[in-house]
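Only one structure is covered here, and it is reproduced in the block below.
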Amino acid sequence: MKLQGKTIVVTGAARGIGQEYAVALATEGASIVACDVSDCTETVQRVEAAGGQVLALKVDVADAASTQAMAGQAIERFGRIDGLINNAALYGQLKSSKFEQIPESEWDAAMTVNVKGIWNASKAVVPAMREAGGGSIVNITSLAATYGMPFRLHYTTSKAAVIGMTRGMARELGKDLIRVNAVAPAAVMTEGTQAFFAGKVEKALDAIKGSQAIQRNLVPADLAGTILYLVSDASCFVTGQTLSVDGGTVMH
Ligand SMILES: NC(=O)c1ccc[n+]([C@@H]2O[C@H](COP(=O)([O-])OP(=O)(O)OC[C@H]3O[C@@H](n4cnc5c(N)ncnc54)[C@H](O)[C@@H]3O)[C@@H](O)[C@H]2O)c1
């Protein structure tokens, strides 16, 4: 129970990998604030079945007022915020196309949710982390950015921005003992991934596996271990880093 007494906010927690993070963190003793624009009932059921405590909130990370309200409700329920997993993103919703044909509205939506959303959620929780004497923010980027994926340039660019934001925030917040790191996963089978590689998901996962040092596909448990490390005191001197959890595709 490495996270006993800590409160960790997970955005995009209604389904997919965000739900897996919430369950894994609760299993290690953390109280969870599960945030999503969608309903988090399934996440609540899984966290409670694992013996954890969870507050589910409807939160749109693109809306600063919504993230501020989230931080207030989290403090009201659990009294503190120690961690934030910035996982919410537009992913499967973004269509594949040549970069010059991406609709401007889709480009703007990707930047608003995937980049500004992290800024909003981080701004909302940092005062509580300062009060707690420190904290850990983990931003979810992607192999799309570390590799440089074509034909989804809005997604690739938004996830590359997350890496820069992680580094800048880490330097600003180090004096407050708030660490900021990023995790860059390869592809995991989720509803988002099925939509992202519409109709070609098996082929895409095979191609990704083929580029790895370790010849199997990523599973959520591989990511949960890295997230647990980054929010726990085991990584107390690690900040500003991007950890690739991709089986050895990109070697920094
Ligand atoms: N699945 C993968 O293979 C993979 C690989 C690399 C990176 N990632 C990243 O991991 C994260 C999760 O991926 P996933 O496959 O579980 O995605 P997903 O699409 O299955 O789930 C994303 C969740 O975010 C929520 N969300 C979207 N916009 C939101 C908003 N404005 N405010 C709050 N919540 C919002 C959605 O409702 C959804 O529950 C994303 O950041 C994605 O870019 C995923």
Relative contact order (%) - criterion: Cα under 8 Å, at least six apart; region: the range 123-200: 38 percent
Most mobile of Ala22, Ala213, Ala161 in a GNM of the chain (Cα contacts under 10 Å): Ala213
Dividing the mean separation of Cα pairs under 8 Å (6+ apart) by the residue count of the chain yields a relative contact order in percent of 18 percent
Given all pairs of different Cα atoms, what value in angstroms does the Kirkwood hydrodynamic radius of the range 134-252 take? 15.0 Å
Heavy-atom surface of the chain, accessible at 1.4 Å and reported per residue (Å²): 45 Å²
Reachable aspartates and glutamates from Lys123, criterion Cα separation under 18 angstrom, eight or more residues apart if same chain: Asp36, Asp60, Asp63, Glu76, Asp82, Glu131, Glu172, Asp176
The range 56-115: spread of alpha-carbon positions along the three principal axes, whole Å, largest first, is 48, 18, 16
Normalised per residue, the volume of the convex hull around the Cα set of the range 53-198 (Å³): 112 Å³
Average Cα contact separation per residue, the range 86-166, under 8 Å, 6 or more apart, as relative contact order %: 43 percent
Could you look at the chain and say what percent of its accessible area is carbon and sulfur, using a 1.4 Å probe and all protein chains? 55 percent
The aspartates and glutamates whose Cα lies under 20 Å from the Cα of Lys203, excluding any fewer than 8 residues away in the same chain, are Glu191, Asp246
Radius 9 Å from Cβ of Gly247, net charge of other residues (Lys, Arg +1; Asp, Glu -1): 0
Using 12 Å as the cut-off for backbone N distance, which residues of the range 3-46 belong to the label zone defined by a point 7 Å from the Cα of Gln73 along Cα→Cβ? 33-41
Can you list the HN-Hα couplings for the range 224-238, worked out from phi with the Karplus curve (6.51, -1.76, 1.60; θ = phi - 60°), rounded to whole Hz and with x for Gly and Pro? 4, x, 5, 5, 4, 4, 6, 8, 8, 6, 4, 10, 4, 10, 10
Here the net charge surrounding Asn86, from other residues whose Cβ is less than 12 Å away from its Cβ (Lys, Arg +1; Asp, Glu -1), is +3
Once the Cα gyration tensor of the chain is diagonalised, semi-axes √(5λ) in Å: 27, 19, 18
Charge sum, other residues only, whose C-beta stays under 14 Å from Thr156's C-beta, Lys/Arg counted +1 and Asp/Glu -1: +3
Please check: in the Gaussian network model of the chain (C-alpha springs, under 10 Å), which one of Arg216, Arg15, Arg130 has the largest mean-square fluctuation. Arg216
Test of understanding: what is the full-extension gain from Thr112 to Arg216, defined as 0.36 nm times their sequence separation minus their Cα-Cα distance? 34.1 nm
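The values are calculated or read from the model by the stated rules, or taken from the named source; none is laboratory data. Note that the structure is predicted; figures quoted are calculated from it, not measured. We place every Cβ from the backbone using ideal geometry, glycine too, and count neighbours over all the protein chains shown. Surface areas here come from the heavy atoms of the whole protein model, side chains and all, with no ligands, DNA or RNA. Shrake-Rupley method; radii C 1.70, N 1.55, O 1.52, S 1.80 Å.
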